[in-house]
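Have a look at the structure below, then the notes.
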Amino acid sequence: MGDVEGRYTYKQLKEIADFLKETSKMEPKVGIICGSGLGTIADALVDPLVINYSQIPNFPRSTVKGHSGSLVFGCLSCVPVVVMKGRFHFYEGYPMWKVTMPCRIFKLLGCSYLFVSNAAGSINPKYKVGDIIVLRDHIYYVGLSGYNPLRGPNEWEFGPRFPPTSNCYDVDLRKAGMRIAKELGYEDRFYEGVYAALAGPSYESVAEARMLLKCGVDSVGMSTIPEVLVAVHCGLTVFGISIVTEEGNLEWAVTKVPNHLEVLAAAQAMEKPLREFVTAMVKFMGNKKPCRCGCC
Ligand SMILES: O=P(O)(O)O[C@H]1O[C@H](CO)[C@@H](O)[C@H]1O
Ligand code: HPA
């Protein structure tokens, strides 16, 4: 599969993290990954410091429109965060260990949380463009066919050989997310659901969309799950959302097909609610006790 050779060593990742610590002089608590067209999340940061990927030694480059290619350090609700404007996708040709390396960098920077977002197509016909799906679980089709980012020798500095994935999306954060959406007046567009990742870059066929629906999938895209697996492996607490930017085609007599410019436009139209939601969620993460027993 050619996806294991050349992986970053712990030492190389540490060097990247040390460079970022020195440059930013910050210890972020939350790492945020922006989906396609969702980079405006970073505009909410107070005292932002932008570091382009090209300035960071050994860092991959963004190649997809809507992923500008920079890390932004700053504060949201007085909580130090680092925002990744521009994720890496498997379909760009990157091996999974490169797609997911930012999560290990977040960990080495001192983050406790990963807040991950994506632009997605809806599979569940209930969901319309502009709805937000808080991820309850996922189906990782790419991993089921062998492309798991944790394939290869285990990196014991980060986590165990066989990490469980029954609780990838923290239940307290999911509850808080739904409560915060309600408090902000957005309860009519927030749902909990299951995200599926396909390899891309082709969008799903109608037959594939129908299969996904039968499998209980609510939203579909080409990202996020590899990042979540690596984050869970190294002990980050994960919260994820899909922003519905396309409605899936479940009938063959289609007149409208997905296209990336439409995805970007739909994502950009969500700027205000998303910014309010991310700000409130990060505030919650900043105040949360490091507890997973359900008492808080
Ligand atoms: O998942 P994000 O990065 O938001 O992007 C989604 O949008 C692109 C397709 O339009 C694909 O990259 C898909 O994964
Ligand atoms: O409709 C979609 N399908 C798959 N991936 C996507 N990413 C954004 N929109 C879509």
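Grab the other residues whose beta carbon is less than 11 angstrom from that of Gly216, score K and R as +1, D and E as -1, and report the net.
Values: positive: Arg136, Lys214; negative: Asp137, Asp218.
Summing Lys/Arg as +1 and Asp/Glu as -1 gives 0.
Can you classify the range 142-296 as rounded, prolate or oblate using the Cα gyration tensor, where a ≥ b ≥ c are the square roots of its eigenvalues, rounded means a/c under 1.5, and otherwise it's prolate if a/b beats b/c and oblate if not? Write down the numbers at each step before the final one.
Details: a/c = 2.10, a/b = 1.16, b/c = 1.81.
Oblate is the answer for the range 142-296, as a/c is 1.5 or above yet b/c matches or exceeds a/b.
What nm distance separates the two modelled labels at Ala265 and Asn167, each placed 7 Å from Cα along Cα→Cβ?
4.4 nm
Please report, in debye to the nearest 20, how large the charge dipole of the chain is about its Cα centre when each Lys and Arg carries +1 at its beta carbon and each Asp and Glu carries -1 there.
Working: 32 positive and 29 negative charges, 115 e Å.
With Lys and Arg at +1 and Asp and Glu at -1, about 560 debye.
What list of ³J(HN,Hα) couplings, whole Hz, do you get for the range 113-119 from phi and the Karplus terms 6.51, -1.76, 1.60, once you set θ to phi - 60° and write x for glycine and proline?
So the J values, rounded to whole Hz, are 10, 10, 10, 10, 10, 8, 8.
For Val72, Val4, Val129, what ranking results if the residue with the fewest other Cβ atoms within 10 Å of its Cβ goes first? Display every interim value, and only then the final one.
Values: Val72 22, Val4 12, Val129 18.
With the sparsest Cβ surroundings first, the list reads Val4, Val129, Val72.
So how much slack lies between Lys175 and Leu213, counting 0.36 nm per residue of separation and subtracting their Cα-Cα distance, in nm? All intermediate terms of the calculation are to be shown ahead of the outcome.
On the way: separation 38, 0.36 × 38 = 13.68 nm, distance 2.45 nm.
Full extension from Lys175 to Leu213 adds 11.2 nm.
Name the residue from His67, Gly221, Phe239 whose Cα lies farthest towards the positive end of the charge dipole of the chain, charges +1 on Cβ of Lys and Arg and -1 on Cβ of Asp and Glu.
Most positive-ward Cα: Phe239.
Which whole-Hz couplings ³J(HN,Hα) result when phi for each residue of the range 134-144 is put into the Karplus expression 6.51 cos²θ - 1.76 cosθ + 1.60, θ = phi - 60°, listed in order with x for Gly and Pro?
Values, residue by residue: 6, 6, 9, 6, 8, 10, 9, 4, 5, x, 5 Hz.
What residues have an amide H closer than 5 Å to that of Glu247, excluding those fewer than 5 places away on the same chain, when H is modeled at 1.01 Å from N in the peptide plane?
HN-HN under 5 Å from Glu247: Ser122.
Would you mind ranking Met84, Met211 so that the residue whose beta carbon has the fewest other beta carbons within 10 Å leads the list? Intermediate values should be presented prior to the final figure.
Numbers: Met84 27, Met211 15.
So the ranking, lowest neighbour count to highest, is Met211, Met84.
Out of the DSSP beta bridges found with both residues in the chain, what percent are antiparallel (nearest 5)? Write down the numbers at each step before the final one.
On the way: 17 of 47 bridges.
Antiparallel bridges: around 35 percent, rounded to the nearest 5.
In the structure shown, do any of Lys25/Lys175; Lys11/Lys98; Lys14/Lys65; Lys65/Lys98; Lys85/Lys256 have a Cα-Cα gap over 23 Å, and if so which?
Working: Lys25/Lys175 33 Å; Lys11/Lys98 15 Å; Lys14/Lys65 29 Å; Lys65/Lys98 19 Å; Lys85/Lys256 29 Å.
Listed pairs above 23 Å: Lys25/Lys175; Lys14/Lys65; Lys85/Lys256.
Output the Kirkwood hydrodynamic radius of the range 1-112, Cα pairs only, in Å rounded to one decimal.
On the way: mean 1/r = 0.0704 Å⁻¹.
Kirkwood radius, the range 1-112: 14.2 Å.
Report, in whole Å, the centroid distance computed from the Cα atoms of the range 37-69 and the range 137-189.
Result: 23 Å between the Cα centres.
Under 1.5 on a/c is rounded, so check that first for the range 177-264, then, if it is not, pick prolate when a/b is larger than b/c and oblate when it is not; a ≥ b ≥ c are the square roots of the alpha carbon gyration tensor eigenvalues. Before the final figure, lay out the partial values.
Working: a/c = 2.00, a/b = 1.33, b/c = 1.51.
Oblate, because a/c is 1.5 or more while a/b does not exceed b/c.
Please sort 213-221, 230-238, 42-50 by packing, taking for each peptide the average over its residues of neighbouring beta carbons within 10 angstrom, highest first.
Values: 213-221: 20.4, 230-238: 22.0, 42-50: 15.4.
Ranked by mean Cβ neighbours within 10 Å, highest first: 230-238, 213-221, 42-50.
List the residues, sorted by chain then number, that are 5 or more residues from Phe190 or on another chain and whose placed amide H is less than 5 Å from its amide H.
Sorted by chain and number, the residues that satisfy this are Ile132.
What share of all Cα pairs of the chain, in percent, falls into each consecutive 10 Å distance bin?
Pairs per bin, as whole percents: 6, 30, 38, 21, 4, 0.
Here, each number is a calculation from the coordinates, and none is a lab measurement. This is a predicted model, so every value here is computed, not measured. Counting neighbours? That spans all protein chains shown, and the Cβs are built from the backbone with ideal geometry, glycine included.
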